[in-house]
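Novice: Quick one: the structure is below, questions incoming.
The values are calculated or read from the model by the stated rules, or taken from the named source; none is laboratory data. None of the values given here were measured: they were computed from a predicted structure. With ideal geometry, Cβ positions are generated from the backbone for all residues, glycine too; neighbour counts draw on all protein chains shown. These accessible areas exclude ligands, DNA and RNA; they are computed on the full protein's heavy atoms, side chains included. Shrake-Rupley method; radii C 1.70, N 1.55, O 1.52, S 1.80 Å.
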Amino acid sequence: MPQGVGLMLCKWEGHVIRWLCGGVLYGVLEVLWRGHTHWTMMVLAAALCVPLDVANEHFPWELPLAVQAVLGGLAITAGELAAGLVLNVWLGLDIWDYAGQWGNLWGQVCPLYTLLWCLLAGPVIVGFDWLDYWLCGGERPRYRLI
């Protein structure tokens, strides 16, 4: 098999491993934070890892990690809003409810959790970069914090 094809397969497999790790990691964090989770949250987290991982792959190393984390947190919030409108409002599963939180939007997202997603996105970005480096021989990660 030509070397380029093997690297492409490794890149694809590396992405899938990172997405699955993101879903499982989120499930564990939610159990630690709330005492329980719903299987759809792990699926949502894994799905949200797809655009975050792909975008992260194309961000230049010079883009400050803090900016990447804010962009990631905003993307997670947008995904949480879309999922909440489907799962909680439309299907009535009542998986989460931020109605009691300041600044909430339809009880599905709020500024407090957007901040938490931004704080979580930074370490996830770093973790994804190192997994890419270790699993697929990607570029050694390097960062500017701000």
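Novice: Under 8 Å by Cβ, and 6 or more places apart or on different chains, what pairs join a residue from the stretch 48-66 that is without any contact (Cβ under 8 Å) to a residue 12 or more places away in the chain with one that is open to solvent by less than 60 Å² (accessible area, probe 1.4 Å) and part of a helix (DSSP H, G or I)?
Specialist: From residues that are without any contact (Cβ under 8 Å) to a residue 12 or more places away in the chain, the pairs are PHE59/GLN68.
Novice: Are any of the residues in the stretch 118-126 free of Cβ contacts under 8 Å to residues at least 60 places away in the same chain, under 17 Å from the mean Cα position of the chain (by Cα) and open to solvent by less than 20 Å² (accessible area, probe 1.4 Å)?
Specialist: Yes, because at least one residue in the stretch 118-126 is free of Cβ contacts under 8 Å to residues at least 60 places away in the same chain, under 17 Å from the mean Cα position of the chain (by Cα) and open to solvent by less than 20 Å² (accessible area, probe 1.4 Å).
Novice: Looking at the structure I just gave you, is PRO111 surrounded by fewer than 19 Cβ atoms within 10 Å (Cβ to Cβ), at pLDDT 95 or above and in contact with a Leu (Cβ under 7 Å, 6 or more places away or on another chain)?
Specialist: No; evaluated as a whole, the condition is false for this residue.
Novice: Now, a different point. Could you say whether any residue in the stretch 110-126 is out of contact with any helix residue (DSSP H, G or I) (no Cβ under 6 Å at 6 or more places or on another chain) and of a type in the set (Gly, Ala, Ser)?
Specialist: The answer is no; no qualifying residue exists.
Novice: If you don't mind, there's one more thing I want to ask. Given the conditions (1) within 29 Å of GLU13 (Cβ to Cβ); (2) of a type in the set (Phe, Trp, Tyr); (3) assigned to a helix (DSSP H, G or I), report the number of the one that TYR113 does not fulfil.
Specialist: The number of the failed condition is (1).
Novice: Report the residue count in the stretch 64-99 for those that are aliphatic (A, V, I, L, M), within 12 Å of THR40 (Cβ to Cβ) and within 15 Å of the chain's Cα centre (by Cα).
Specialist: The number of residues fulfilling the criteria is 1.
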